[in-house]
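A short write-up of the structure that comes next.
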Amino acid sequence: MQRAVCPGSFDPVHNGHIEIIIRAASLFDEVIVAVSNNPAKNYRFSLQERMDMISETLKSIQGVIVMPLGTGLIADFAREQGAQAMVKGIRNSTDLNYEMPMATFNRHLSSVETVFLPADSRYQHVSSTLVKEIVGFKGDITDFIPYAVAQRFGLR
């Protein structure tokens with residue numbers, strides 16, 4: 001069985017994330033969406049809320065499991081889960097420059113390869129930070145977020 005980990009904070013999950021996870025699910029037998037919780041960060045949604053939104057959105061996609069990342073290195077988590085790969089969405093060269101050193105360290109630490117999937121052009125400009133900022137100013141972001149997220153923002 002080929003298993004991959006798709007890590008992130010997903011605060012909140014948006015359609016760009018969902019598109020990458022669905023594509024990963026078509027490439028691997030199982031995809032673990034590992035939701036991180038960094039105590040140094042201020043999240044809009046709790047870990048459980050973020051996991052619930054992802055689970056609700058992807059409930060019809062076979063082979064997708066949503067789990068908390070826990071503490072420690074993603075490389076250790078991937079190895080513990082028996083993953084052969086980590087999947088990361090790449091929107092632009094800035095993302096690639098940020099992700100490449102981590103991919104190299106993760107391969108060194110755990111022999112887990114990182115698979116980069118280019119973002120669909122519809123979502124290359126979307127980030128969780130921008131989604132939260134636009135919602136804060138009462139902007140319409142419903143085209144860029146799943147229904148479960150829109151509900152929690154009180155938009156549907």
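The values are calculated or read from the model by the stated rules, or taken from the named source; none is laboratory data. Please read all numbers here as calculations on a predicted model, not as lab measurements. Please note: Cβ atoms are built from the backbone with ideal geometry, for glycine as well, and neighbour counts cover all protein chains shown. Areas reflect the complete protein model, heavy atoms only, side chains present, ligands, DNA and RNA absent. Shrake-Rupley method; radii C 1.70, N 1.55, O 1.52, S 1.80 Å.
Here are some notes:
- Residue within the range 139-152 that is modelled with pLDDT under 95 and β-branched (V, I, T) present: yes
- Residue count, the range 27-58 (criterion: under 20 Å from R91 (Cβ atoms) and small (G, A, S)): 2
- Of the strands (runs of 3 or more DSSP E) lying entirely inside the range 51-156, those containing at least 1 residues that are open to solvent by less than 70 Å² (accessible area, probe 1.4 Å) and among the charged types (D, E, K, R) span 85-90.
- Residue, modelled with the lowest pLDDT, within the range 49-86, restricted to residues that are at positive phi and more than 16 Å from the chain's Cα centre (by Cα): G72
- Pick from the range 11-50, criterion in a helix (DSSP H, G or I), open to solvent by 30 Å² or more (accessible area, probe 1.4 Å) and touching a strand residue (DSSP E or B) at 6+ places or on another chain (Cβ under 7 Å), ranking: nearest to L73 (Cα to Cα): L47
- The number of residues in the range 1-24 that are modelled with pLDDT of 95 or more and farther than 23 Å from Q151 by Cβ comes to 7.
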